[in-house]
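A short write-up of the structure that comes next.
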Amino acid sequence: MNDNLAYAHIVKLSIIIPAFNEEGSVGQILKQVLNAPLPEDISREILVVDDASSDATTERVRDVAAHHPEIQLLRHDTNRGKGAALHTGIAAATGDYVLIQDADMEYDPREYVDLLQPVIDRQADVVYGSRFMGGAPRRVLFFWHSIGNKLLTTCCNAVCNLNLTDMETCYKLIRRDLLQGLNLREKRFGFEPEVTIRLARIPGIKFYEVGISYHGRTYAEGKKIGWRDGFRALYVIAKTGLR
């Protein structure tokens, strides 16, 4: 293994929550993140990046943060996209590992312990939570979304020489020093393939996947990703992976 990849002992976890117009769910997800069990006395910092929401997202975050100093609110003056919000959170993170958590209710923070286990066992540098493996419950939704996800994951695997089952997952647990060393540029949902490809190029890096549950939203319930984002992800895979 590359000497730079000696496994780090995890003492603090940085949880980054990008949010855009999530006033209906951000307060509840923050409470779930605060109450999520963490093994071996791991502490947490919670970085909420409000990407210039036009609703009361900022106020909802401040209401919860007033009683919890581990929550830090960062705010963009203009809407820049989910990837840009993640860039802001990554730059501010101080934990040993970074975990991405969406501000909606699609992913369950109680599963942090499952994501962290390969790290605690000193087996992994990167852990992805897969919605397509294991026996956890998963809401049945869009056929074409599932086909698009499999296509994007397959194309990303091809340029990375990986065998991930869910590259597009929100739940990505990554060593902070490795993540902050990447030259990430994608401002929107192209973040997912870009970070995967750039991580896969680090010599000796070890990826793991664990099965997670998934409670997806419909568009009427607030889902934001669309077909244009899928084409952008393909472009990012071609541009970043084949360069």
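The values are calculated or read from the model by the stated rules, or taken from the named source; none is laboratory data. As the structure is a computational prediction, the values presented were derived from the model and not from experiment. Cβ atoms come from the backbone with ideal geometry, glycine included; neighbour counts cover every protein chain shown.
Side notes on the structure shown:
- Some residue of region 88-104 being modelled with pLDDT of 95 or more, crowded, with 19+ Cβ neighbours inside 10 Å and over 16 Å from the mean Cα position of the chain (by Cα): no
- Of the residues making up region 47-62, those that are out of contact with any Ser or Thr (no Cβ under 6 Å at 6 or more places or on another chain) and not in a loop (DSSP other than H, G, I, E, B) are LEU47, VAL48, THR57, THR58, GLU59, ARG60, VAL61, ARG62.
- Considered as a group, the residues in region 107-128 that are surrounded by fewer than 21 Cβ atoms within 10 Å (Cβ to Cβ) and acidic (Asp, Glu) include one that is farthest from ALA200 (Cα to Cα), and that residue is ASP108.
- Odd one out for ASN157, checked against (1) surrounded by fewer than 19 Cβ atoms within 10 Å (Cβ to Cβ); (2) in contact with a strand residue (DSSP E or B) (Cβ under 8 Å, 6 or more places away or on another chain); (3) modelled with pLDDT of 95 or more: (2)
- The set of residues from region 180-193 being part of a helix (DSSP H, G or I) and buried (at least 22 other Cβ atoms within 10 Å of the Cβ) comprises PHE191, GLU192, PRO193.
- Region 194-219, subset over 22 Å from LEU116 (Cα atoms) and either surrounded by 21 or more Cβ atoms within 10 Å (Cβ to Cβ) or aromatic (Phe, Trp, Tyr) (or both), residue nearest to the chain's Cα centre (by Cα): GLU194
- Condition met for LEU152 (out of contact with any Gly (no Cβ under 7 Å at 6 or more places or on another chain) and either surrounded by 17 or more Cβ atoms within 10 Å (Cβ to Cβ) or among the hydrophobic types (A, V, I, L, M, F, W, C) (or both)): no
- Scanning region 169-183 for residues that are under 19 Å from ASP96 (Cβ atoms) and not aromatic (Phe, Trp, Tyr) yields LYS172, LEU173, ILE174, ARG175, ARG176, ASP177, LEU178, LEU179, GLN180, GLY181, LEU182.
- Flag for VAL33 being buried (at least 19 other Cβ atoms within 10 Å of the Cβ), modelled with pLDDT of 95 or more and under 18 Å from LEU173 (Cβ atoms): yes
- Whichever residue in region 36-45 is crowded, with 17+ Cβ neighbours inside 10 Å and among the hydrophobic types (A, V, I, L, M, F, W, C) and, among such residues, is nearest to ILE100 (Cα to Cα): ALA36
- Tally, over region 46-71, of residues that are buried (at least 18 other Cβ atoms within 10 Å of the Cβ), within 16 Å of ILE16 (Cα to Cα) and not β-branched (Val, Ile, Thr): 3
- Annotation: of all residues in region 61-107 being free of Cβ contacts under 8 Å to residues at least 40 places away in the same chain and basic (Lys, Arg), the one that is nearest to ASP50 (Cα to Cα) is ARG75.
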